[in-house]
1. More than 27 Å from Ser137 (Cα to Cα) and in contact (Cβ under 8 Å) with a residue 12 or more places away in the chain, is that true of Val215?
2. Working carefully through the options Phe101, Phe139, find the one that is among the hydrophobic types (A, V, I, L, M, F, W, C) and assigned by TED's automatic domain parsing to the domain that holds Glu303.
3. Name the single residue that is nearest to the chain's Cα centre (by Cα) among those in segment 190-223 being aromatic (Phe, Trp, Tyr) and either more than 13 Å from Val161 (Cβ to Cβ) or surrounded by 22 or more Cβ atoms within 10 Å (Cβ to Cβ) (or both).
4. Just wondering, is there one or more residues in segment 261-278 that are of a type in the set (A, V, I, L, M), touching a helix residue (DSSP H, G or I) at 6+ places or on another chain (Cβ under 6 Å), surrounded by 19 or more Cβ atoms within 10 Å (Cβ to Cβ) and closer than 22 Å to Ile147 by Cβ?
5. Answer with yes or no whether Ser137 is over 24 Å from Leu278 (Cβ atoms) and hydroxyl-bearing (Ser, Thr, Tyr).
6. If only one of Lys129, Lys106 is at positive phi, assigned to a loop (DSSP other than H, G, I, E, B) and modelled with pLDDT of 95 or more, which one is it?
7. Please pick out the residue among Val95, Val159 that is in contact with a helix residue (DSSP H, G or I) (Cβ under 6 Å, 6 or more places away or on another chain) and farther than 26 Å from Leu263 by Cβ.
8. Any residue at all in segment 163-186 that's under 17 Å from the mean Cα position of the chain (by Cα), among the aromatic types (Phe, Trp, Tyr), in the same structural domain as His265 (by TED's automatic domain parsing) and surrounded by fewer than 20 Cβ atoms within 10 Å (Cβ to Cβ)?
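The values are calculated or read from the model by the stated rules, or taken from the named source; none is laboratory data. As the structure is a computational prediction, the values presented were derived from the model and not from experiment. FYI the Cβ positions are ideal-geometry reconstructions off the backbone, even for glycines, and counts take in every protein chain you see.
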Amino acid sequence: MSELFFTQDYGKLYEKMEKGVCEVFKFSHPLGIVHHLFIKREIPFTLAGQKYYDVITPYGYGGPVIKNCKKGGKSELVHQFQQAFENYCSKQNIVSEFIRFHPILKNVEDFREFYETAYMRETTGTTLKDYEDPVASEFSKSARKAIRKALKAGVEYRVTVNPASLDSFKEIYYATMKRLNAESYYYFDDRYFDNCLKYFGDRIVLVEALFEGEVIGAELHFLCGSFMHTHLSGTVENCSHLSPVYVMTYAAAIWGKENGVDLIHAGGGVTNNPDDTLYLFKKKFGQNTNFQFHIGKKVWNPEIYQLLCEEGGIRGDEDFFPAYRAKTSKLFPQEDGILIEQ
């Protein structure tokens with residue numbers, strides 16, 4: 001499967017962040033195959049000395065995805081998968097599950113019947129395959145103007161596939177997160193970046209903006225088959241007047257079009273508000289591109305779930321899921337929308 005989010009190496013990147021272990025449940029049936037990757041986490045308290053677990057999608061997108069299904073057999077395949085996975089969860093003491101469904105693959109449509117799903121927000125990106133000139137078709141007038149101004153001022157760009165090092169990127173990225181007062185989970189450690197290069201070096205596209213020979217902005221993209229996902233981004237302080245993000249987005253689109261990329265996915269905002277400022281900024285580069293992002297929740301063992309809530313001191317309604325973790329932890333972002341200094 002070319003989508004990076006469904007590979008076990010990708011899941012392993014987030015074991016430390018999610019305090020769990022990446023596992024894959026592969027369901028094979030005469031009708032087809034369902035591939036389900038997740039991180040299994042130990043619940044931070046026990047019941048009568050018994051350990052329990054829950055599962056969550058790694059940072060980004062995922063959920064169960066159907067492969068090689070026979071025509072007309074999808075409904076029955078999904079039903080058989082659900083029964084098999086329910087049995088697996090029972091044997092593994094898995095109490096609940098949280099999924100960030102993939103907005104481009106739309107796998108939420110195949111599993112609505114078995115999960116409590118919810119639409120969260122729109123995501124966007126730049127469609128390349130449908131336009132001879134994606135910049136003219138997808139970028140807003142104001143974005144194109146900012147790019148022309150920056151290039152005229154001497155801003156240049158550089159695109160590197162499989163970079164030898166991410167040290168300079170990390171320096172810019174960390175400085176940007178500090179300026180933005182970003183939450184701690186955005187501060188990926190050195191091991192994370194080392195593993196990105198180790199497992200996905202040939203699928204990393206590093207885009208940089210330069211002015212007078214100095215890097216003033218850097219973006220890290222993951223190349224996944226015909227998709228490119230904008231993952232992390234940073235800019236140098238006091239360089240916003242040079243529009244480095246605009247130039248990097250332009251460079252990514254030019255490079256992607258020349259190298260057979262169909263779509264650059266930029267993600268969504270940091271809230272579910274349709275007027276989220278980050279989302280509206282990203283829309284400047286995707287005037288005609290939208291995807292719907294959904295989450296899924298499932299309580300596989302309602303009785304134990306309730307007992308865990310009581311053990312965790314949870315009473316009544318609780319928006320946090322799973323509720324029993326509300327006082328002991330925080331869910332990571334519901335999708336991997338990057339923070340951008342606009």
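1. yes
2. Values: Phe139 fails: assigned by TED's automatic domain parsing to the domain that holds Glu303.
Just a single option satisfies the conditions, and that option is Phe101.
3. The residue in question is Phe222.
4. Among the residues of segment 261-278, at least one is of a type in the set (A, V, I, L, M), touching a helix residue (DSSP H, G or I) at 6+ places or on another chain (Cβ under 6 Å), surrounded by 19 or more Cβ atoms within 10 Å (Cβ to Cβ) and closer than 22 Å to Ile147 by Cβ, which makes the answer yes.
5. No; evaluated as a whole, the condition is false for this residue.
6. Lys106
7. After applying the criteria, what remains is Val95.
8. yes
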